[in-house]
Amino acid sequence: MPSTGLIDVHAHFLTDGYVSAARSAGVEHPDGMPGWPSWGVEQHLGLMDRSGIEKSYLSVSSPGVHFGDDGAARALAREVNEFGALVHARHPHRFGHFASLPLPDVEGSLVEAAHALDVLGADGVTVESNHHGVYLGDPRLEPLWEELDRRGAVVFVHPTSPPHADDLALGRPRPMLEFLFDTARTASDLLFRGVLGRRPRIRWILTHGGGALPLLADRMELFRTHLGSGPADGPSVIDQLGRLWYDMAGTPFPRQVPAFSAAFGTERLLYGSDYCWTPVEAVLAQVASVDSAPGPSGAGSWRDLTTRNALRLFPSATR
């Protein structure tokens, strides 16, 4: 086992109550996937031990906690957040926790963010790339970003199905393609609506190496400077996106991480497994690819680099 333990910022949990609420809302095949995976603390710890993951930051994945009713979403967010806090309390050296918010209910999300960060001790909050079609640059969300910026909070942005996903995905599971495009879509919305500039203290984490962003950043810059989508004398798209944090969940090697590195560098690159939505054997294969890939220039291994980066973001991660 390599000496450097990975710090996994992209790991998921489920509860029976959460899955029951989703199924009651008609979600049997979330995001076009075959069904709901299983999850348990002990099986998650077993995977971590097998793959050399020292600590995992848990969050609820897509489709989130809002299934159409604000009151029910607030209650479900509180339920899963208290569960995540309990897992952390029982295993403080192995698990952290990003709290769910009942977006697009902004008022409820402000209440839940305060409770999660101040009372439950959450390490950050998680949001989806869009919430029932409301993307993250939408002005309706500005009070939430103002508060999270005041706190200097970590905001983990998990992709979800875009509007009209059934037509776009052509019958295929949406995590295969649509998640990667929706990450780029919401990042562009945050950038072009000025949220990234107005709220510089929020520490955003985007998943899967930014999705399609490394290949689209130059095209976004072209539109910003020459086609009237932003001030020509403002910070470049590369500069703004390069200040965000990214995980390498999915298929980082041999192509994803090199493309990402060429666009944004590796100073804010983190490890992510995407377990339990990614099965155990696929996570083990992904870790093997990380460990066998040629290391970043002058930075040791990818384990070394991503763990160092994570400790800058979460200085107390190993305590």
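The values are calculated or read from the model by the stated rules, or taken from the named source; none is laboratory data. In this text, all values refer to a predicted model and were calculated from it rather than measured experimentally. Cβ sites come from the backbone with ideal geometry, for glycine too, and all protein chains shown count toward neighbours.
Observations on the structure shown:
- Applying the condition of being polar (S, T, N, Q) and within 16 Å of Thr126 (Cβ to Cβ) to segment 44-94 and asking which residue is surrounded by the fewest Cβ atoms within 10 Å (Cβ to Cβ) yields Ser62.
- Filter result for Val65 (touching a Lys or Arg at 6+ places or on another chain (Cβ under 9 Å), closer than 15 Å to Phe13 by Cα and at pLDDT 95 or above): yes
- Selection status of Gly242, surrounded by 14 or more Cβ atoms within 10 Å (Cβ to Cβ), within 30 Å of Thr15 (Cα to Cα) and free of Cβ contacts under 8 Å to residues at least 60 places away in the same chain: no
- Residues of segment 74-89 that turn out to be closer than 13 Å to Ser20 by Cα and in contact with a Gly (Cβ under 7 Å, 6 or more places away or on another chain), as a count: 1
- Residue within segment 101-117 that is assigned to a helix (DSSP H, G or I) and in contact (Cβ under 8 Å) with a residue 40 or more places away in the chain present: yes
- Checking Gly209, Gly250 one by one, the residue that is at positive phi, within 16 Å of the chain's Cα centre (by Cα) and not in a helix (DSSP H, G or I) is Gly250 and no other.
- Index of the failed condition, Thr251 passing every other in (1) modelled with pLDDT under 95; (2) out of contact with any Gly (no Cβ under 8 Å at 6 or more places or on another chain): (1)
Yes/no matrix, rows are residues, columns are (1) part of a loop (DSSP other than H, G, I, E, B); (2) touching a strand residue (DSSP E or B) at 6+ places or on another chain (Cβ under 9 Å):
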position	(1), (2)
Pro214	no, no
Arg224	no, no
Asp239	no, no
Arg243	yes, yes
Pro258	no, no
Ser261	no, yes
Ser273	yes, yes
Gly298	yes, no
Leu311	no, yes
